[in-house]
Amino acid sequence: MKKHVVLYKKLSPALLARLENEVDVTYIDDPASDGLARLRQALPHAHGLLGASLKLDAALLDLAPRLEAVASVSVGVDNYDIADLSRRGVMLTNTPDVLTETTADTGFALVLAAARRVVELATLVRAGQWTASIGPRHFGTDVHGKTLGIIGMGRIGEALAQRGHFGFNMPVIYHSHSPKPAVDQRFGARHCTLDELLREADFICLTLPLTKETTGLIGAREFELMGKDSIFINISRGKVVDEKALIHALQTGQIRAAGLDVFEREPVQTDSPLLALDNVVATPHIGSATHETREAMARCAVDNLLAALRGERPQNLVNP
C-alpha cells in the first residue's frame, strides 16, 4: 500500500506526477489560512509532508502520529523545532545548494540598486520629474573597488564574495564562526571580528541563518559602528536585525542606505517607515524567486521526501 503525503506547495505537473507515482497525495492550498482545517484533517494519515512557509508547531505534529519525514522547500529551517522533530523520529530535509547562485544574484542586485539609487531615480523618471541633467543631489556611490563585508560565510556568502572580488575588484572581509582558508585564498579575503567588519566595510551584507544566537545580532550598537557612507544589505532573515534600530540609522543618516529582501514581519506592513524612505530598496523576499531555481528547489524536496519514505537516507537531511 502506498504511503500518504500531504502537499502544501503547488508543484509543476511533472513533479506532481512523479510524486503521485510513488505515494498518495493530498494537496492543501494555502494551509496557513483557509486550508488549515483541511490540513488538520489530513495530518493523521500523513507519512510525509512537503511544502514551505508553514510553522509546524507541536499541536500540528501531535495530529500526525504516522509522520516519518518533512521536506521543506527552503534552505532555512527556522520554521521547525528540529529537536522536537528528532524526538518524534521525524526526518527534516531542506534544499541547499540549488538556490545559492540565484540568492547571491539578488544580494548583488541590492548592492548595485542601493548604491546607484536605481529604484529612487527610476521612480523619478516615471513620475515625469526628470526635467534637467542629474546633479550631485541625485548622485550615487561607486561599487567597484569598495570593501565588501559579509557576515556569515556559507555557500551564499562565498557566491557573493565571488561576484564582488572577480566582478567588481572589491576587497572582501568576512565574519563567521571560524576562518575559511579556501575563501581567504580564492578571494584574497580576510576573516575579522564583527566590530572590525562593521567599522571597515563599505557594503555590509548579511547571509547567515536565523538561530537563537543570530536573532537581533545587528542592533543600535552595531549601526553606530558603521560609517555614514555604509550600505546595509540583508538577504538572510529579517529577525537577525533590530528593525527599529535600522530605521533610526537610515532616518538619521548613521548609514547611507539599505537593500532589504527580508523583514521582521513578512509581508512587510504597509505603514512601515522603511517604505517611506528613499534610501531603502525593498523587495518581497525574492532571493530564490526565479522559475528555474524554484523548480530546482521543488525537485530537490521531492527527491528528499521520496528517499526518506523508501527508508533511504535523504541527501539533505537536517537532523541526522
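Every number in this text was worked out from the coordinates using simple rules, so none of it is lab data. The model shown is predicted, which means the values in this text are computed figures rather than measured ones. Every residue, glycine as well, gets a Cβ built from its backbone with ideal geometry; the counts of neighbours run over all protein chains shown.
Binning all Cα-Cα separations of the stretch 166-284 at 5 Å, short to long from zero, yields these whole-percent fractions: 2, 11, 20, 24, 20, 13, 7, 2, 0, 0. In terms of its Cα atoms, the stretch 227-320 spans 57, 28, 24 Å along the principal axes, sorted from long to short. Within the chain, all pairs of alpha-carbon atoms sorted by distance into 20 Å bins from zero give the percentages 30, 51, 19, 1.
Computed over the chain, the per-residue total of -39500 (n - 2.57) for DSSP H runs of n ≥ 4 gives a 222 nm mean residue ellipticity of -9500 deg cm²/dmol, rounded to 500.
Using only side-chain charges placed at the Cβ, +1 for Lys and Arg and -1 for Asp and Glu, the dipole size of the chain relative to its Cα centre rounds to 240 debye. Axis angle, to the nearest 10 degrees, between helix 13-22 and the longest C-alpha principal axis of the chain: 40 degrees. Under the combined filter of DSSP loop state and at most 15 neighbouring Cβ atoms within 10 Å, the stretch 196-277 retains these GluC sites (Glu not before Pro): E213.
Which entries in K55/K212; K3/K239; K3/K55; K180/K244; K55/K239; K10/K244 show an alpha-carbon gap greater than 25 Å?
K3/K239; K180/K244; K10/K244
Averaged over residues, the count of other Cβ atoms within 10 Å places the peptides 122-128, 6-12 in the sequence 6-12, 122-128, highest first.
Its alpha carbons considered, the stretch 132-229 gives a radius of gyration followed by a Dmax of 14.7, 51 Å. Applying Stokes-Einstein at 4 °C and 1.567 mPa s to the Kirkwood radius of the stretch 21-94, computed over alpha-carbon pairs, gives a translational diffusion coefficient of 103 µm² s⁻¹. Computing FRET efficiency as 1/(1 + (r/R0)^6) for E292 and V125, where r is the C-beta to C-beta distance and R0 is 30 Å, gives about 0.50.
By the count of neighbouring beta-carbon atoms within 10 Å, fewest first, T207, T293, T193 end up ordered T193, T293, T207. The P(r) of the stretch 1-141 has a tail past 22 Å containing 54 percent of all C-alpha pairs. All Cα-Cα distances of the stretch 59-137, cut into 10 Å bins from zero to the largest, leave 14, 27, 17, 15, 15, 9, 3 percent in each bin in turn. When the chain is treated as a GNM, springs tying every alpha-carbon pair under 10 Å, which of A296, A114, A161 comes out with the largest mean-square fluctuation? In the Gaussian network model the winner is A296. A Cβ-based charge dipole, computed about the Cα centre of the stretch 100-282 with Lys and Arg at +1 and Asp and Glu at -1, lands at about 200 debye. Take every Cα pair under 8 Å whose residues are at least 6 apart in sequence, average their separation, divide by the length of the stretch 1-104, and the relative contact order is 23 percent.
State, as an integer percentage, the relative contact order of the chain based on alpha-carbon contacts under 8 Å between residues 6 or more apart.
19
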